[in-house]
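Input: a single structure, listed below in structure tokens.
The values are calculated or read from the model by the stated rules, or taken from the named source; none is laboratory data. Since we're looking at a predicted model, the values are computed, not measured. As a convention, Cβ positions derive from the backbone with ideal geometry for all residues, glycine included, and neighbour counts pool all protein chains shown. SASA here: full protein model, heavy atoms, side chains in, ligands and nucleic acids out. Shrake-Rupley method; radii C 1.70, N 1.55, O 1.52, S 1.80 Å.
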Amino acid sequence: TYSRSIAGIERVFDILDIEPEIQEKKNSLIFSDKEDVRIEFQNVNFKYDKTALEYILKDISFSIEPEEKVALVGASGCGKSTVINLLARFYDIDSGKISFGNQDLYDYSLASIYNQMGIVFQDTLLFSGTIEENIRYGKIDATKQELEKAAEAANAIEFIKNFPEGWNTIIGERGTGLSGGQKQRISIARVFLKNPKLLILDEATSALDSESEKQVQDALDNLMEKRTSIIIAHRLSTIVNADKIIVMDKGKIVEVGTHEQLLQLNGRYKELYDMQFRNVI
């Protein structure tokens, strides 16, 4: 037991000693809760493999105003998720500039940026524990009233109360014991509880059946109210009401506009829309 413990401890310290690639500035700023979230990409270029000849993102420029709902669409591998990875500072850009609020994104501390962000992924991140503990992760010191309000807004309160143990229902690692729609609504309730200014939805409904998608989409519509929102979606039916749709192709922005404007352009967005429409038919 002692020998195995020593081996485990050595591995833990190896991990703790790893120097993060993403570094903050020494005197980094704190993003104020009173500030509006406005985002701007200016001529951003990026590649994961720094020895590669071609950039993954090429000369990306766009802006998102406070409380605006913006969708990123395009074929798989076009760079949509990479844009989000750069905004969340999972990676650093190679050139260009990303503004957050009225300041360079890199001037802020990572913690103060993450405090403003709420992300709902396609693959819901839940852990072994009670339903209450999983939702409370969005705000550890939340009151029971706040928890119930978040669950209600996420359309989750009904199925939670229907479980024999209610809020104390134990779920397994990655949400074992819950349906896909239930898992998503718990993750949405968690974001409601956190109450971020910036909401990122990364294919949040793509793995759900039609009935679950309707319940989850209603919850997401509630969540996006009065928040700056970025939506990555393959199903174009979920983003037709976005204030702005950014169409990407092979790492570049090829079209920008509303749903109606892009259909009239008869370009890449129209191609994607027609392909999905034919599949539905």
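Could you tell me which numbered condition residue 81 fails, if it satisfies all but one of (1) hydroxyl-bearing (Ser, Thr, Tyr); (2) open to solvent by 70 Å² or more (accessible area, probe 1.4 Å); (3) under 30 Å from residue 184 (Cα atoms)?
In the conditions (1) hydroxyl-bearing (Ser, Thr, Tyr); (2) open to solvent by 70 Å² or more (accessible area, probe 1.4 Å); (3) under 30 Å from residue 184 (Cα atoms), residue 81 misses (2) alone.
Just checking, how many residues over segment 138-150 are acidic (Asp, Glu) and either part of a helix (DSSP H, G or I) or touching a His at 6+ places or on another chain (Cβ under 9 Å) (or both)?
Qualifying residue count, segment 138-150: 2.
Kindly evaluate residue 122 against the criterion of being under 21 Å from the mean Cα position of the chain (by Cα), buried (at least 21 other Cβ atoms within 10 Å of the Cβ) and either modelled with pLDDT under 85 or within 30 Å of residue 61 (Cβ to Cβ) (or both).
no
Can you work out which of the residues in segment 213-234 that are modelled with pLDDT under 85 and in contact with a Ser or Thr (Cβ under 7 Å, 6 or more places away or on another chain) is nearest to residue 139 (Cα to Cα)?
That would be 216.
Of all the residues that make up segment 234-281, how many are open to solvent by less than 70 Å² (accessible area, probe 1.4 Å), within 25 Å of residue 67 (Cα to Cα) and among the acidic types (Asp, Glu)?
The number of residues fulfilling the criteria is 1.
Could you list, in sequence order, all residues of segment 86-119 that are surrounded by 15 or more Cβ atoms within 10 Å (Cβ to Cβ), closer than 18 Å to residue 248 by Cβ and of a type outside the set (Ser, Thr, Tyr)?
86, 87, 88, 93, 96, 98
Just the residues that are farther than 27 Å from residue 224 by Cα and open to solvent by less than 80 Å² (accessible area, probe 1.4 Å), please, taken from segment 44-54.
Matches in segment 44-54: 45, 46, 47, 52.
Please verify whether segment 162-180 includes one or more residues that are closer than 26 Å to residue 84 by Cβ, among the hydrophobic types (A, V, I, L, M, F, W, C) and in a helix (DSSP H, G or I).
No, every residue in segment 162-180 fails to be closer than 26 Å to residue 84 by Cβ, among the hydrophobic types (A, V, I, L, M, F, W, C) and in a helix (DSSP H, G or I).
Give me a count of the residues in segment 124-137 that are in a loop (DSSP other than H, G, I, E, B) and more than 16 Å from residue 90 (Cβ to Cβ).
Going through segment 124-137 one residue at a time, the tally reaches 5.
What pairs come up if the first residue lies in segment 172-188 and is modelled with pLDDT under 85, the second is loosely packed, with under 13 Cβ neighbours inside 10 Å and part of a helix (DSSP H, G or I), and their beta carbons are under 8 Å apart, counting only those six or more places apart or on different chains?
181/211
Please determine, by comparing only the residues of segment 11-40 that are of a type in the set (Asp, Glu) and more than 23 Å from the chain's Cα centre (by Cα), which one is most open to solvent (accessible area, probe 1.4 Å).
The qualifying residue most open to solvent (accessible area, probe 1.4 Å) is 19.
Conditions first: (1) modelled with pLDDT under 75; (2) surrounded by fewer than 23 Cβ atoms within 10 Å (Cβ to Cβ). Residue 204 passes all but one, so which condition is the exception?
(2)
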